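Working notes for the structure below.
The values are calculated or read from the model by the stated rules, or taken from the named source; none is laboratory data. Nothing here was measured: the structure is a model prediction, and the numbers come from that model. All Cβ positions, even for glycine, are placed from backbone atoms using ideal geometry, and neighbour counts span all protein chains on display. To get the accessible areas, we keep the full protein, side chains included, count just its heavy atoms, and leave off ligands, DNA and RNA. Shrake-Rupley method; radii C 1.70, N 1.55, O 1.52, S 1.80 Å.
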Amino acid sequence: AVAPAGLAPPPVPRQLPAAPAHFAGRACELKALSELAAQAGNAGGQALIWVIDGTAGVGKTALAVRWAHQVADEFPDGQLYVNLQGFGPSANPVPPEEALRALLGALQVSTALVPDSVDARAALYRSALAGRRMLIVLDNARDSEQVRPLLPGHAGCAVLVTTRCQLTGLVAAEGAHALTLDVLSEADACELLVRRLGAQRVAAEPVAAAELARLCAGLPLALAVAAARADARPGLSLAGLAAQLRGERGLLDALDTGDAASSLREVFSWSCRKLSAPAARMFRLLGVHRGPDISASAAASLAGVAPPLARQALAELSRARLLTEHVPGRFAFHDVLRSYAVEQAQARDSDADRAAAIHRVLDHYLQAAHAAALLLYPHRERLLLPLPQAGAIREDLDTPEQARAWFEAEHQVLLAAIAQAADNGFDVHAWQLPWTMRNFLDRQEHWPELAETQLRALTAARRLDDRAGQAHAHRNLGRACLRLGRYDDARAHLQAAAALYRQLGHRYGQARSHFEIAWAAERQGSYAEALAHSRQALAGFRAAGDRHGAAIALNTVGWCQTQLGSHQQALACSRRALAVFRENGHRSGEAAAWDSLGCASQHLGQHQQALACYQRALALYRQLGDRYCQSRTLVCLGEAHRASGCPSAAGDAWQQALAILEELHHPEVGEVRSRLDGLAAALPG
């Protein structure tokens, strides 16, 4: 519009709120948004739209306003801003017609010219923007329908929309670009504390600052409230503030400002009150679930609903940015939202309902983990599982590959489930879930976790006075101690297991216990004792009718015979064991047999034969991903190379073994270093 003669032209609208006083991180997001400004002038006749979505308190408005101020000069015709109040204390978002009235007023359109209908107002708004280069910030939108009438009709204008929801309609129909905002990294969260509290105060307590960042889950609003508390009490250390956030009052109480706009509890409630009843219930029950994330099928079991209904609820929570589908089919929320979900569950669901949800999801994990363990390790004994609760969904696992992928995906969740079972009186689950994880944790070299879970299992089985559960836990705990090089502890647990198995008449369990006692004795250099226990294990497996177990024990007999000088007998035993392993397709047993044959051949002076056997064992262990056994075979391979007059090859093998053991933090590191030192000392010069 042209101003009448003698009158100043109407002011260019500059409606942006003040830029955030304290801002940190978001470098990648700011860069991505800047590309929007670069494209705004040549967008092919269509305004560029960017939707910034994310959970409550994640800093969507701060990012939008920060960037808008940075690029304000790129939009010489002005910047418009409207808070659509899609989420807030008021239950009534701003209707599009009211937002249009305000925007038209900012564009100097006379009130008398503003029509009544939404469509007519939207058409006038587009006409008023025609030919102008403006930035429009539509903050706190509820849905696509609220935003669509507020969009310009031509290129040259750019639109930033912030929302807690996924506005897929704008992306699909209007070509909007979606930018999902996540919580801050720990480094950026600490930088935000520096901006608010000063570098000196944060530098004085870097560990406490990092803990505050973690306790606030990198959520900018939570960090702002925590920093405000610290700023208001200069004498309070950051460690003291962190202790308050961890304290009995609870995280949300500690972050309560008394102001609706900045109280985490209130801000989260604005999102939750718009949920359907099934989604709201799912959100609450997810607070009951301890795992770091959850699959759709486990969530169905947690809620006791059919999988399609669970997926609908999870999708609604994801659209509301109360959950994140961080990998396809797996859902999580940050710890501050988790605290709110826990509070909501405690306030709105009975103790019985929460306990039933825990029971269902523990049944889900136990049934699936037992099936996965048997798919991966079919020679394991089976457990008698409790009947699952109604509503617990069966996981579809049909192949070893699916079982392995399931264990890898659920690894941390299962650890949390074991702890939750132990803490909530589900003692059968608390000892049987560790049983299912034993081989997976062992093969993946998670030996401290193996020890921790089996200790929980032992405690739970004792509470139940379940002697079979105690025996299994003692044996598995003995296995963990063996892997960790705690051989005396291993012997104590394995002997306790053997005694319990004898009382129960459990021949297989006795045989397994003797087999692992033999391992402990062998590692301590007591080869005669190891041979005796190996023979007891062999007899026990044969009495139990376990041909596979007998082959394992027979190979161990051969190994011990080699250590005691009976090399021909050792070869005979290990060859017979190898034939069984090959017949059954048992690659780990086959690898062990090749290793034993290599050892016997080496003692007989058949160095080339020994090298060939060790190489075959090593190849199998690498296929299996068993790094500890790789290291053991590499040590033997190095000895064979040294004996055959190839010290450099010996050194290479021992260096490989050392690297593995160092990664595993295994006590056998010292033994391999001594071999390398001895080799270096023997070399000339």
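Overview of values
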{"read-out": "Cβ-placed point charges (K, R +1; D, E -1), dipole of the range 562-685 about Cα centre in debye, nearest 20", "value": "360"}
{"read-out": "Farthest toward positive dipole pole in the chain [+1 Lys/Arg, -1 Asp/Glu at C-beta], among Leu385, Ala279, Gln70", "value": "Leu385"}
{"read-out": "Kirkwood hydrodynamic radius (C-alpha pairs) into Stokes-Einstein, the range 174-214, 37 °C and 0.692 mPa s, D in µm²/s", "value": "285"}
{"read-out": "Net charge, Gly304 excluded, C-beta distance under 15 Å - Lys, Arg +1, Asp, Glu -1", "value": "+3"}
{"read-out": "Hull-based mean projected area of the range 313-390, where the convex hull spans the alpha carbons, in square nanometres", "value": "7.3"}
{"read-out": "Listed candidates [x] 26.1; [y] 27.1; [z] 29.9 - label of the one calculated as Kirkwood radius over Cα pairs in Å", "value": "[z]"}
{"read-out": "Antiparallel content of DSSP bridges confined to the chain, in %, to 5", "value": "15"}
{"read-out": "The range 455-588, relative contact order [Cα under 8 Å, separation at least 6], %", "value": "15"}
{"read-out": "Surface share of carbon and sulfur [accessible, 1.4 angstrom probe, percent] for the chain", "value": "51"}
{"read-out": "Size of electric dipole in the range 359-447: Cβ of Lys, Arg +1 and of Asp, Glu -1, about Cα centre, debye, nearest 20", "value": "160"}
{"read-out": "Stokes-Einstein translational diffusion, the range 190-237 - Kirkwood Rh over all Cα pairs, 0.890 mPa s, 25 °C, in µm²/s", "value": "236"}
{"read-out": "Kirkwood-type radius of the range 406-559, with distances r between different C-alpha atoms, in Å", "value": "15.6"}
{"read-out": "Residue (of Ala681, Leu604, Ala457) at the positive-pole extreme of the chain, dipole from beta-carbon charges", "value": "Leu604"}
{"read-out": "Ordering of 231-242, 293-304, 266-277 by packing [mean C-beta count within 10 Å, highest first]", "value": "293-304, 266-277, 231-242"}
{"read-out": "Neighbourhood net charge (12 Å Cβ-Cβ; Lys/Arg +1, Asp/Glu -1) for Gly78", "value": "0"}
{"read-out": "Charge sum, other residues only, whose C-beta stays under 13 Å from Ala521's C-beta, Lys/Arg counted +1 and Asp/Glu -1", "value": "-1"}
{"read-out": "Accessible solvent surface per residue of the chain, calculated while the other protein chains remain in place, 1.4 angstrom probe, Å²", "value": "42"}
{"read-out": "Charge dipole (debye, nearest 20) of the chain; +1 at Cβ of Lys and Arg, -1 at Cβ of Asp and Glu", "value": "1120"}
{"read-out": "Selected from Ala468, Gly425, Leu664, residue furthest toward positive end of dipole (the chain; charges at beta carbon)", "value": "Ala468"}
